[in-house]
Amino acid sequence: MKTKITLLLTLLFIGVNVGFAQQDEECMAKLSIFHEYVKSKNYDAAYEPWMAVRNKCPKFNNAIYIDGEKILKSKIDKVEGTEKATLINDLLKLWEQRLEYFPSKTPKGKYMAMACQLMYKNKSILNKTDEELYEGFDAAYNTDKASFTDAQSLYTYFSLMVDLYDAQKKSAADLFNKYDDVVEKVEDEVKSSSEKLNVLIAKEEAGTALTKKEGQYKRYYGQLLLAYDQISSGIDQKLGERANCENLIPLYEKGFEANKTNAIWLQRAAGKMSEKECTDDPLFFKLVNAYHEISPSANSAYYLGILKDKEGKNSEAITFYKQAIDLETDNFKKAKLNNKIGLKLKARGSYGQARTYFRQSLALNPSNGRPHLSIAAMYAASANNCGDTTFNKRAVYWLAADEASKAARVDPTLKKAAAASVANYAAKAPQKADIFSCSCSGQSIKIGCWIGATVTVPGI
């Protein structure tokens, strides 16, 4: 009896495996067919064999979901109305299936945000409300913040918060907290891309050519930085006057007592008031001192420097600014601090000191070209003061143009602005006729005062 049972189980096992093998063979054949169609962008022909594999062998291969996304997107682009809504919902279902069957290859935050962005784009035909869409993005952000990195989705996420605030469905505190969340997330992504780009820039600056793959990565990181730069501007524009001093001061006054030992709240409140030029209000003094007392940090020292600047105590301000840099351990943030301090010194007319901080910023984060443009602007502003003859004064603009060209070379977000600056400075520098008249082609000109540099007259 025992032998008969064993034989029966063996036959059943063999039969099941033969069935799976036949199924796999059929799925493999059809997968090969639809994949070839997808490669040639014949998405209509790919649809039927793809659906057969999707329905019969959903766990067979991740190509079902990679190619399926392309197939459905192609069909979605060709239809309207109810048919479009049906296909969109099927694409949303496909992403859910991918997450179910291939979770290790499907980052939750990324795909949840993609689904929300698709629904946002088609919210009218899907009958989605702003509340539903916002909750979807919020779930994606809170579930897997690390892989929620898409620039457009981050902008949409914040944009929906602003719309809900305007509709009086979210509070001012909700709005400003979400602004800080999204801005900090964008900064994290900018930092990540900048650090990777800096390695490639350093290799190029050392005179070593990039490999083909490295060149592709350089373009990719540049594209990411450009996207984040664009949405950063968009986020600030969307927030607009909602974050003016008239709104911020009463909000933070109201919350101060409850949060005066909450370092994160104090840092964000002081930061927002600093960004929006609300630093003349006594509340800023309260926030900064409370923050520095419970959590001395680079940020709190920087804000104390701002206070000393407001009091006209410039040397004390510099002391706190230096302290801020010493306290900061993250090179990306340290670069930002150096640039901020450089800008304050530049506005004060302390060009020599400002250049020192700008150069320190560039050393720490060479892919940010803004310090180059600031140095170039200071050179141009000093042309009349730092040259001893008319020709030499105009020669300062060669220095400015050269500095601005460095920004264009290292920073993909500044190519147009830097090119415009270079053209502007070059037009103000001596022209070929001037060089011919002075017979000074190839000669070196020493530029005095704070600039202390030498420029070579171009050949003609």
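Brief remarks on what is shown
- The residues of the range 270-280 that are surrounded by fewer than 16 Cβ atoms within 10 Å (Cβ to Cβ) and either without any contact (Cβ under 8 Å) to a residue 24 or more places away in the chain or in a helix (DSSP H, G or I) (or both) amount to a single one, Glu275.
- Taken together, the residues in the range 95-135 that are closer than 16 Å to Ser147 by Cβ, not in a helix (DSSP H, G or I) and not hydroxyl-bearing (Ser, Thr, Tyr) amount to 2.
- Ala381 vs. criteria at pLDDT 95 or above, closer than 28 Å to Lys218 by Cα and surrounded by fewer than 21 Cβ atoms within 10 Å (Cβ to Cβ): no
- Which listed residue is surrounded by 13 or more Cβ atoms within 10 Å (Cβ to Cβ) and modelled with pLDDT of 95 or more, from Ala423, Ala404: Ala404
- Of the residues making up the range 411-429, at least one is outside any loop (DSSP other than H, G, I, E, B), in contact (Cβ under 8 Å) with a residue 40 or more places away in the chain and more than 30 Å from Ser193 (Cβ to Cβ).
- Residue list for the range 366-385, filter: in a helix (DSSP H, G or I), over 17 Å from Asn424 (Cα atoms) and touching a helix residue (DSSP H, G or I) at 6+ places or on another chain (Cβ under 6 Å): Pro371
- Matching option when the condition is in contact (Cβ under 8 Å) with a residue 24 or more places away in the chain, over 16 Å from the mean Cα position of the chain (by Cα) and on the phi < 0 side of the Ramachandran plot, among Lys238, Lys213, Lys145, Lys178: Lys238
Quick grid of which residues meet (1) of a type outside the set (A, V, I, L, M); (2) under 26 Å from the mean Cα position of the chain (by Cα):
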position	(1), (2)
Ile264	no, yes
Gln267	yes, yes
Lys286	yes, no
His292	yes, no
Ser295	yes, no
Ala335	no, yes
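The values are calculated or read from the model by the stated rules, or taken from the named source; none is laboratory data. This one's a predicted model, so the numbers in the text were calculated from it and none came from an experiment. Note: ideal-geometry Cβ built from the backbone for every residue, glycine included; neighbour counts use all protein chains shown.
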